Amino acid sequence: VEVVVDGRPYAFPNGLVWAGDRGFVTDTYGKSIWTFTADGKTEKWFEGDPLSRPVGITADDQFLYVADPEKKQVFRFDLKTKAVEPVLKGSAVDDRGAVLLSWAQSRTITRPNLVITTSTECPQPGKL
């Protein structure tokens, strides 16, 4: 085991995802997202509104997706501009950060602390 981030820069780290050449960590108590590199460089990437209690996190080539169970919402962050928007109205997020969404295309993204299932055949959004 090799230590990548030394010390304790995060208030309460929760979710972790690797995107490109850097990792991202949700900080539940800090209402923020941190980024770090393989050589240990760590910095706060995003903080504050609209995040209230970010937990689960996943990524694709363009975006980070962060589940916030207090807001009952999944937020999408542009990896280049940090622009943030709710993924969909009517998404369901339980108190653990588990997510059920309904999109026009079927797709499942599964990462630690975050499962996004998208399908035209999803049940009606509601509390999981």
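Structural remarks
- Flag if Glu2 is at pLDDT below 90, farther than 17 Å from Gln73 by Cβ and either surrounded by fewer than 17 Cβ atoms within 10 Å (Cβ to Cβ) or of a type in the set (D, E, K, R) (or both): yes
Listed here are the residues, each with its yes/no results for (1) touching a strand residue (DSSP E or B) at 6+ places or on another chain (Cβ under 8 Å); (2) modelled with pLDDT under 90.
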position	(1), (2)
Arg8	no, yes
Asn14	yes, yes
Val17	yes, no
Gly30	yes, no
Lys41	no, yes
Gly90	no, yes
Gly97	yes, yes
Trp103	yes, yes
Ser106	yes, yes
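Residues checked against (1) among the charged types (D, E, K, R); (2) more than 21 Å from Pro9 (Cβ to Cβ); (3) out of contact with any Lys or Arg (no Cβ under 9 Å at 6 or more places or on another chain); (4) open to solvent by 10 Å² or more (accessible area, probe 1.4 Å):
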site: Glu43; (1), (2), (3), (4): yes, no, yes, yes
site: Glu47; (1), (2), (3), (4): yes, no, no, yes
site: Pro54; (1), (2), (3), (4): no, no, no, no
site: Ala59; (1), (2), (3), (4): no, no, no, yes
site: Gln62; (1), (2), (3), (4): no, yes, no, yes
site: Tyr65; (1), (2), (3), (4): no, yes, no, yes
site: Pro69; (1), (2), (3), (4): no, yes, no, no
site: Phe75; (1), (2), (3), (4): no, yes, yes, yes
site: Asp78; (1), (2), (3), (4): yes, yes, yes, yes
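- In the stretch 59-85, the residues that are on the phi < 0 side of the Ramachandran plot reach residues that are charged (D, E, K, R) and buried (at least 19 other Cβ atoms within 10 Å of the Cβ) with C-beta atoms within less than 7 angstrom, at least six apart or across chains, in these pairs: Phe75/Asp68.
The values are calculated or read from the model by the stated rules, or taken from the named source; none is laboratory data. Note that this is a predicted model, so its numbers are computed, not measured. We place every Cβ from the backbone using ideal geometry, glycine too, and count neighbours over all the protein chains shown. To get the accessible areas, we keep the full protein, side chains included, count just its heavy atoms, and leave off ligands, DNA and RNA. Shrake-Rupley method; radii C 1.70, N 1.55, O 1.52, S 1.80 Å.
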